[in-house]
Structure formats: structure tokens, C-alpha cells
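Report on the following structure.
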Amino acid sequence: MKILKTMMALICVMALMPGISSAQEQEVTLEFQNAAKALEVVQAYTKALQAGDVATMNAQLAPGAMIYGLGGGLDSLTVAQHKEYYTNSTNLFKHTLSQELYLPVKVTNNWNEGEWVLSWGVNTLQHKATGKIITVPYHTAGRIVNGKIEFLRYWYDMLNILEAQGFEIKPPSN
């Protein structure tokens, strides 16, 4: 009898599993009402970077926006710190973006819920004083809320930048 009760309980749990798992599935779509506006905001941000216009870059950010991954660190930057970072960067370098690709996507029922624009490309940095060029492939993910970038995450190859500046990676001595 104990085996029969256990089997019946197991059958009931198994029968409910599809309903439980489907109720919690994430939903991702490429077509959503604000997709064009989200894309416009991110493209305005990148065009401003190429123009060296930090004020217009910051104007695309929500007042409490958080920016991650700039300078290769895991720390976050506030809007004011973002302005300082890019003021320094655009004073030293001319930024030219190429091979740009943008993908607006909406995620629901998941930890990363929201309207996002994912972007990929190559940022060619030319040092204004020396003319030296550093090529940096990048990827960003920006969450757009009420027509502003609320969260922005950068990923790019820091080793590429360091090597272009003369740093070397040497194997550890045993």
C-alpha cells in the first residue's frame, strides 16, 4: 500500500510539472512596441561618442542609471562618473565605431526582464597626440526604461588595449 501511495503521489507531481514549468518560462521577443525608440536612444548614444559629445551621451542616460564594465572593472559607474570617464577618454582619443550591429529585444518573466538593446561593433581609438591606433571589439547591453538607458553593461578586450599601450604578458617563472 505504501508503494501504491508513493507511486500515486509521484504521478500527480509529474502530471503537474508541465503546468508549473510553463508558468515560469521566460519570454523573449524581437518585436515590441518601444523597439524603435529603444534603438534610437542607443544609436544616439553611440553617435555622440563618435562626435566626442559627452553631454549628449549622458543625456541618453536615466538620472539614476548604472554603467558597468568601463575601464575593465566590475565596479559600477554613476551618470556623473560616466561623464568624467568619457570626458577623459574623448579628450585623449577620437572614437570611430564600425561594424555596428544593434538588436532590440524584450525579456519578460526572468531575472533580466525589460526592454534591451544589444550592440556589437569595433571601436577604433586614435590617440589625439600620437596618432597611435587601438582597435577594440566590443559588446554592450543596455536596458531602456521610459526612453532612457537605465542600465548599461560593456564587454571588451582589455588585454588588446593594454598590449597596444606597450604592456606585455609574460609567463610566470617557476
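The values are calculated or read from the model by the stated rules, or taken from the named source; none is laboratory data. Being a predicted model, the structure only gives us computed values, none of them experimental. Backbone-built Cβ (ideal geometry, glycine too); neighbour counts: all protein chains shown. All accessible areas refer to the heavy atoms of the entire protein, side chains included, with ligands and DNA or RNA removed. Shrake-Rupley method; radii C 1.70, N 1.55, O 1.52, S 1.80 Å.
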key: R0 of 45 Å, Cβ-Cβ distance Leu159-Thr78: FRET efficiency to nearest 0.05   = 0.95
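Tell me whether the stretch 115-174 comes out rounded, prolate or oblate; compute the Cα gyration tensor, take square roots of the eigenvalues as a ≥ b ≥ c, and use a/c under 1.5 as the rounded threshold.
It is oblate, given that a/c is not under 1.5 and a/b is not larger than b/c.
Using only the Cα atoms of the stretch 22-148, build the gyration tensor, take square roots of its eigenvalues as a ≥ b ≥ c, and label the shape rounded, prolate or oblate: rounded if a/c is under 1.5, else prolate if a/b is larger than b/c, else oblate.
Here the stretch 22-148 falls in the prolate category.
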Cα gyration tensor shape of the stretch 77-125, rounded if a/c is under 1.5, else prolate or oblate by comparing a/b with b/c = oblate
inquiry  = As an exercise, use a Förster radius of 30 Å and the Cβ-Cβ distance of Asn91 and Gln26 to find the FRET efficiency, rounded to the nearest 0.05.
reply    = 0.10
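For Thr96, Thr130, what's the largest-to-smallest order of accessible area, 1.4 Å probe?
Of Thr96, Thr130, the descending order of accessible area is Thr130, Thr96.
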